[in-house]
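Notes for the one structure printed next.
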């Protein structure tokens, strides 16, 4: 179970980093994917710093041969993003375009933050649990140790040393 969690955590970290790196690319380009399911279709595209998608219910079945078909996939360079469009795509949204179509918009920064939250938090907790070094106690919490003076080999009388002088 730990290996699966470790691999999953690394994959999610990689996905989060890829999403962060793709934000500037998405401002000047568009990547699209169309997938057909039985009696429905999904259009996904990334542009203006957001992932957008339309889920459509269809009257007819676009699939005659199998359960899933990729209708098209493309990537193209577009004109630069305007500030107005960038501001619109900065926040998530969910709206019904028609009775049979739902439009979803998720900003890339939000998806990247969600993907990076678990790996980064677990990395920080792992570092705190496995610190290097030795435990240090506060002086007020340390046990009291009474220091005994070393025994002297020379006799003392009245605070004077009576040992023979060379």
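Things worth noting here:
- Selection of strands (runs of 3 or more DSSP E) fully inside segment 24-130 by the criterion of at least 2 residues being modelled with pLDDT of 80 or more returns 29-37, 40-47, 50-57, 93-98, 101-107.
- Pairs with Cβ under 7 Å, 6+ apart, first in segment 27-42 and at positive phi, second assigned to a strand (DSSP E or B) and modelled with pLDDT of 80 or more: 39/57
- Of all residues making up segment 10-19, the number that are crowded, with 16+ Cβ neighbours inside 10 Å and either farther than 17 Å from residue 111 by Cβ or over 10 Å from the mean Cα position of the chain (by Cα) (or both): 1
The values are calculated or read from the model by the stated rules, or taken from the named source; none is laboratory data. Worth saying up front: this structure is predicted, and the values here are computed from it rather than measured. Cβ atoms come from the backbone with ideal geometry, glycine included; neighbour counts cover every protein chain shown.
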